[in-house]
1. Under a Cβ-Cβ cut-off of 9 Å, what is the net charge of the residues other than Thr371 that fall near it, where Lys and Arg count +1 and Asp and Glu count -1?
2. Hey, can you grab everything whose amide H is under 5 Å from the amide H of Gly636? Only 5+ residues off in sequence or another chain; H modelled, so Pro and N-termini drop out.
3. For Ser1195, enumerate residues with amide H under 5 Å from its amide H, sequence gap 5+ or separate chain, H modeled in the peptide plane.
4. If you add up the charges near Lys1197, with Lys and Arg at +1 and Asp and Glu at -1, over every other residue whose beta carbon is less than 9 angstrom from its beta carbon, what do you get?
5. How large is ³J(HN,Hα), in whole Hz, for each residue of region 103-110 in order, when computed from phi with the Karplus curve 6.51 cos²θ - 1.76 cosθ + 1.60 and θ = phi - 60°, using x for Gly and Pro?
6. Contour minus end-to-end for Gln180 and His3, with contour as 0.36 nm per residue of separation and end-to-end as the Cα-Cα distance?
7. List the relative contact order of region 2-231 as a percent without decimals, with contacts defined as Cα pairs under 8 Å and 6+ residues apart.
8. Through the Karplus equation 6.51 cos²θ - 1.76 cosθ + 1.60, θ set to phi - 60°, convert the phi angles of region 1062-1072 into ³J(HN,Hα) values in whole Hz; use x for Gly and Pro.
Amino acid sequence: MNHRGEAKCRQGKYAEAIADFDQALKLAPQDAFSLKWQGEAKRRQGRYAEAIVDFELALKLAPQDAFGLRGRGEVKRMQGKYAEAIEDFDQALELSPEDALAMKSRGGAKCQQGKYGEAIADLDQALKLAPEDVFALKCRGYSKCMQGKYAETIADLDQALKLAPQDAFGLRGRGQVKCQQGKYGEAIEDFDQALELAPQDALAMKSRGEAKCQQGKYGEAIADFDQALELAPQDAFALKCRGEAKRMQGKYAEAIVDFDQALKLSPEDALAMKSRGEAKCQQGKYGEAIADFDQALKLAPESLQSPQSQPKAAWFYNRFLDLRSVSGQISRWSRWAIVGAGPVGLTLALSLAKYQIDAGLAEPPREPLITVYESRWLVQSEGGGWKRNPAGRARDQVVTVQDAVVQLFSAAVQTCFEGERVWLHSRNVPVAEIEDKLLRKAQAAPFSKYIRIEKSERFSQTKDQAEFIQALPADFIVAADGAASLSRRAFPDKFACPHSRGFSNEEQRIRLAETEEGYTHADHVLGIILQQDVRPPQEQSLNVIFTLAQNVYLLNSQRGSKGFLNIRVTKEEYDEIYRATGQRGCTFGSPIRLKLEESLDADDVNAFHKVKLPWLRRRIEEGLKLFGMRTEHMLGITGFQLMPAYVQHFCHVLPGEGCSDRQRRVLLLAGDAAISHHFWPGRGLNTGLKSVKAIVRMLESPTVAEGLQRYNCFMTKLRLREMQGRSGSMLQKSVQLGWGSQLLSNAADDLMAAAKGSEASNRERFLKHCKLWRDFLERSPGWSHDPVTDDVLQTRIMTEVAKPKALELHLMVRSAFDNGADRASGWPTSRQGGREVDPADDEHWEQMFPAYDKPAINSYCHSAFVLGLGDPRTNGLAMLSDRRPPPEGEAAGAEAPKDVSSTESQARIAIVGAGSWAQGWHLPHLRCNPAAQLVAIVDPAERTWSKYNLDMMPTPELAALYGVPLFKGFAEFLQSDIAKTTDGVIISSTHSTHCQLGLQAAASGFHILVEKPMTANAAEAAELAAAAERLKSLGKAFMVNHSANFTRHAVRARELVQSHLGEIEHVTCYMIREREFFEDPENRLWVAAEGSMTGNGFAWGQSCHTLAWVYRVTGLEPESVFCKMTYSKKTGADIFTSALIQCTNGATICCQGLAGLPGGNAVGSASKKGKLIENKIFGSEGCLLYSGDDADPGSGKLELLLENGKVVVEDGFFFENTSKEGHGPESLQSFLAACKGEDVINAADATIGRLVVETIDAMYKSAKDGSVVKI
């Protein structure tokens, strides 16, 4: 029996062997042979605890049994008890010195203890005894690898794999060693073979991903890491590696998500902490990055100083370390030196003087504490003092200064920025006029006693400028000397990291538009300098409308013609101009004024009408004509490239002594010296003035170090929002106009022919664009001009002398509503909306990186502005409101008890569900809407994530940001005191939770706005609709957020259908959008059926919008549904749906949903598109047609065709308002009005919601079983 059991054990038949040994031990319980071999069989099965018991019993009976000692040692080695195992192996080898198995096992245990030299000695001896032992070869190879002897390791592994070529783990190990040698291609071959043999080997998968990372194949590496993490989801190392691969791809937000998860699993991983800091650096979140670097250094002091440390990360750490080294407090007696006497420098001087006066320096100091140094444009005035030298400083620009920026300053400063009202919420002022006023103000009482102005030497070498700066007798030095700032360039590598992409060694800043291909991403512009004419200028209202309606010409002027006419040209045209003229272009930060005779034809001073470049002459003439001017109005031409540039750090601590209060001296950058971007006229000045306000506010900080850190963080936010976030978005690869090169080639004739052939349609389209913008502007608050009639536009564009010629018109029309094929990136005149970074707003000023964060008591929007115009589809301007926290001592909830709708200026709103839509839309809208006060956030999850909104925050941070309490459940909220004074709730949770939450909210008497769809099945919809009826009887609103139903076109369509179409007979409607949403398994809200849902996909996600619109506009009610669906092979979601709906009046509706467009809206998607929508309603008296692309308001129209021949048309396509900016869509605004007790039209009530849910529920059921489903 014993011998049979031994034989079976050697054959690998361990269970049968154990059965034999059991039988033998029943016959002879004290048989040591049976006990040790039974232990061996159990060891080989992995039953280590049981095996130990058998070996112990055997060794009690036969203590000198080398086999038993070796077996017990092997079990202990497998249990990780290496020291005890080695004791057993030692005893076994004393008894049997030639036991190769005991020798290799002892070597293996020593290897696992990290005693690699001793391990190799044992394994060498084992291999002399058994040269073909694969385990011994692999183990010796591993030990040599840990000693760095990679070539010897490979030799051992090669020999082992000759003996066992199908050993997956040996292949994996050899691949890992080859990675250490840098032989990544060979390593990947080994990993490939290993994974063929062991497809579930997560370590091999992860290792292959590392190798591909090293080859720069980040996409393939991520795919490997994804698979490894499916096999081992808690692998912190794999998460860290995947994060690094995503960081190298530029997917910084996604990378940070991986680093966050890795650090949750392994909080002491200094390299993961450092890598997350590097990703945040590359996002521009330098404050948060420094917090990570600090922690990494605490965990592993060598982590940033090591050779592997990223130079960029170390650079940022050192810059912030400098700021933290500054000691002392900011004194009202601090001395200030301002280098540069432009608008930014002089405004700063006046603001500092006002601060000193307000801070208690009513008696001026004996010597002014503020000195302004200017080397370029000052001359002595006749009566003493200084004045601007017009000959030395050509400042012909007219800048647009925003009202809210001017209002940041004292009344004395505000008077220097008075100008003509042209655009919304702003004024147009010549730069020269601003400078003159500021200079006079600084030299007049009371400011002259606090400010000294000096003419300094003008240097051309950075070394001389550095010496000048170092010698200034001041505690704080502010460089406000323009985009080409010599003060910035005088201190290399202090303001911009030289390891950053786009770094300019000459300029010492990052050039946003610069790429490896040069300036192909830059915009190229000619600026026509205009003079005032005795002729009455064209109305500014027309100038604004014509500027917005196309993207070739942009006029920024005062009183109609004084200022600049900017003309977009392609790079080919730009180069051609300067080849023909012998001139070189320049950046807008340093404009060169070119006289006409110099810039167009060097041989003829009166050459404009004989210019060598006829297309250029024509382009200029047509642009002037469009705005009611002639060539006689030109003073000159400038040419420039729009290449925004910026620094990454805005303060530098100067070395040396000589400062008061024993504090180190600091150089700060302000204005264009810090952030230079000019895609909108005056944009750079507005940003510069904000930096002035931030410097003044810095003085309120308790210490110099904290003040500098706050200034640095604020300027970083300003750069990210206003320069990179806006300028950068304008400089796209599509800026190269597809037709640009044609104008300079033989193809120009073809282009001219095409222009003439489409001239009539182009003129009609341009007129339509103009009317669209006219309508938008005239309904916007703050528009100060008289109405522009259709007749005026018709005359100007269609018949009068100002009408552009065919070719220029063709270019203008093709440029409008940009971002399509062969279109320019566009003047950013129509995309300026959005929240501003405001130095007077505590939210922007107080929030720093984590070590210095202070929770907001009550976040609010400062009285702000949108110079730009948002989107003409919106009913109102995307303008921020003047919301302030309640005064001290007043209760936050003092408006009205819950059972009475609020009649105060704000409705008190709680939001239930803080997912992607809430964080991306609802919460920002509520914060910026003057009619709303957010009072609570309800969400049980601490953190939600979506690849479609990577800026989502953990809910505790979100609540702190908005200054409201966070409740983990709706029941908890209902029991709170806040609920007692809440007017309405917005339910923005997952579909399957809408019914339960809606019923609870209705029972509590709140106004309710629930996200679409209202519920996830028909029974729940009926139940919630009944609750909504009861709520209605109490005077409370129940709305579904089908926002398309509330737009003015939906209202107009409903009016036309009811008054003109007669009986509705048939409706066709479809929506097309990107496929990506419905083929992404991670997008569970859109693809996974939850709770009582019959299915999920395009129907619930998108067709609900179309059906809600149709039911609202037509008044039809469904009776039965037949539907067919095509499902995604990746997710199971429906991606193509076709439904035939029979209505109660006999009409039919053909409803289609098509997820057929390529691309998507996830971060990193190659393309982002709008939704294509077409609705056609046929009645007994005519039909109504409404179609377009909801991303392009000029793409469609609302058209009524009648049997009597009458046609009614409204241009534009305004289906949904999905803008993240401003006060929110019309549905939200209607809901807030209802909460305040105002009468509103509920365009998507519970009845509409129920009909939509019943229809879609029936569609899924019909598609599933092929039947006609009754509703």
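1. Surrounding charge for Thr371 is +1.
2. Those lying under 5 Å, H to H, from Gly636 are Ile529.
3. Asp1189, Phe1213
4. Neighbourhood net charge equals -2.
5. Rounded to whole hertz, the list is 5, 6, 5, 5, x, x, 5, 5.
6. Stretched fully, the Gln180-His3 segment lengthens by 58.9 nm.
7. Taking the mean separation of contacting Cα pairs over the length of region 2-231, I get 8 percent.
8. x, 7, 6, 10, 7, 9, 10, 8, 8, 9, 10
Values in this text are rule-based calculations from the coordinates and carry no lab data. Here the structure is a predicted model, which means the values were calculated and not measured. Virtual Cβ from ideal backbone geometry, glycine too; neighbours counted across all protein chains shown.
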